[in-house]
Amino acid sequence: LVENIKVTQSHQDMLVYPIIYLYRQYLELRLKIILRDSRILLDENVDIQMTHNLNNLWGDTRKLIRIIFKEDDIKPLNVVGKIIIEFNSMDPESMAFMYPVDKNGENLLPDIKHINIVQFQERFSEVVDLMEGVTGAVAEYISYKAEMNQNYY
């Protein structure tokens, strides 16, 4: 959708909310995948919180990432934390970019007047790269662990 906006220079006002919603949804689902896979890797309970609160999901995810990647530099993930804080402050329940008003008819995003979707995409692409990297690394560790278990047990 963003690429289409870049090419056509049109429909950005109409598409900005669905696009931001999809980015937020990606972030929530990616955090839940990393949580699940990290817990599988660490032989922990795999139950994931039934929440849309990104701060809570990120807190749990960050703890597990620190355990798994002890010696690796995870400072680049601070970018993810900053984006999560921003999203969660604007949209703690995953409703603000889905609906224009709340159940009482109040504007869900009263302080937002303009969103540059192209700049947003550029900024978010670093988050996607980092999250995909963590997901891939954890999946690789799970595969390695399964292979080791198969060979030695």
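The values are calculated or read from the model by the stated rules, or taken from the named source; none is laboratory data. Computed from a predicted model, the values in this text were never measured in an experiment. So basically every Cβ, Gly included, is an ideal-geometry build from the backbone, and we count neighbours across all protein chains shown. For the accessible areas, the whole protein counts, side chains as well, though only heavy atoms, and no ligand, DNA or RNA atoms are used. Shrake-Rupley method; radii C 1.70, N 1.55, O 1.52, S 1.80 Å.
In the range 1-13, of all residues being more than 20 Å from the chain's Cα centre (by Cα) and touching a residue at least 24 places away in the same chain (Cβ under 8 Å), the one that is surrounded by the fewest Cβ atoms within 10 Å (Cβ to Cβ) corresponds to K6. Of all residues in the range 101-128, those satisfying the criterion of being within 15 Å of the chain's Cα centre (by Cα) and either of a type in the set (S, T, N, Q) or open to solvent by less than 50 Å² (accessible area, probe 1.4 Å) (or both) are F120, Q121, F124, S125, V127, V128. If you go through the range 59-87 and keep only what is outside any helix (DSSP H, G or I) and either of a type in the set (S, T, Y) or open to solvent by 80 Å² or more (accessible area, probe 1.4 Å) (or both), you end up with K70, E71, D72, D73. Pairs meeting the criteria (first residue in the range 43-65 and in contact (Cβ under 8 Å) with a residue 12 or more places away in the chain and closer than 14 Å to N88 by Cβ, second residue among the hydroxyl-bearing types (S, T, Y) and open to solvent by less than 40 Å² (accessible area, probe 1.4 Å), beta carbons under 7 Å, at least 6 apart or on different chains) are H52/S94; L57/T51.
Is it fair to say F69 is of a type outside the set (D, E, K, R), at pLDDT 80 or above and farther than 17 Å from F124 by Cβ? Working first, answer last.
Numbers: of a type outside the set (D, E, K, R): yes; at pLDDT 80 or above: yes; farther than 17 Å from F124 by Cβ: yes.
So F69 passes the test.
No other residue among M131, M90 is under 19 Å from I19 (Cβ atoms) and either open to solvent by less than 40 Å² (accessible area, probe 1.4 Å) or aromatic (F, W, Y) (or both) apart from M131.
Within the range 75-87, residues that are within 14 Å of L31 (Cα to Cα) reach partners that are open to solvent by less than 10 Å² (accessible area, probe 1.4 Å) with beta carbons closer than 6 Å, at six or more positions or on different chains, in the pairs V80/V127; I83/V127; I84/L54; F87/R24; F87/L54.
Take V16 and decide whether it is crowded, with 19+ Cβ neighbours inside 10 Å and touching a helix residue (DSSP H, G or I) at 6+ places or on another chain (Cβ under 8 Å). Against the criterion (crowded, with 19+ Cβ neighbours inside 10 Å and touching a helix residue (DSSP H, G or I) at 6+ places or on another chain (Cβ under 8 Å)), V16 qualifies. The residue list N56, N45 contains one member that is surrounded by fewer than 11 Cβ atoms within 10 Å (Cβ to Cβ) and either over 30 Å from V7 (Cα atoms) or under 16 Å from the mean Cα position of the chain (by Cα) (or both), which is N45. Every condition in (1) within 17 Å of the chain's Cα centre (by Cα); (2) among the β-branched types (V, I, T); (3) not in a helix (DSSP H, G or I) is met by I20 except one, and the failing one is (3).
The C-beta contact set for the range 16-31 (first residue over 22 Å from V138 (Cα atoms) and touching a residue at least 40 places away in the same chain (Cβ under 8 Å), second residue of a type in the set (V, I, T) and open to solvent by 40 Å² or more (accessible area, probe 1.4 Å), distance under 6 angstrom, 6+ apart or interchain) comprises V16/I115.
For beta carbons closer than 9 Å, sequence separation of 6+ or different chains, a first residue in the range 91-114 that is free of Cβ contacts under 8 Å to residues at least 24 places away in the same chain and small (G, A, S) and a second that is open to solvent by less than 50 Å² (accessible area, probe 1.4 Å) and outside any strand (DSSP E or B), the qualifying pairs are A96/I20; A96/R24; A96/L108; A96/L109; A96/I112.
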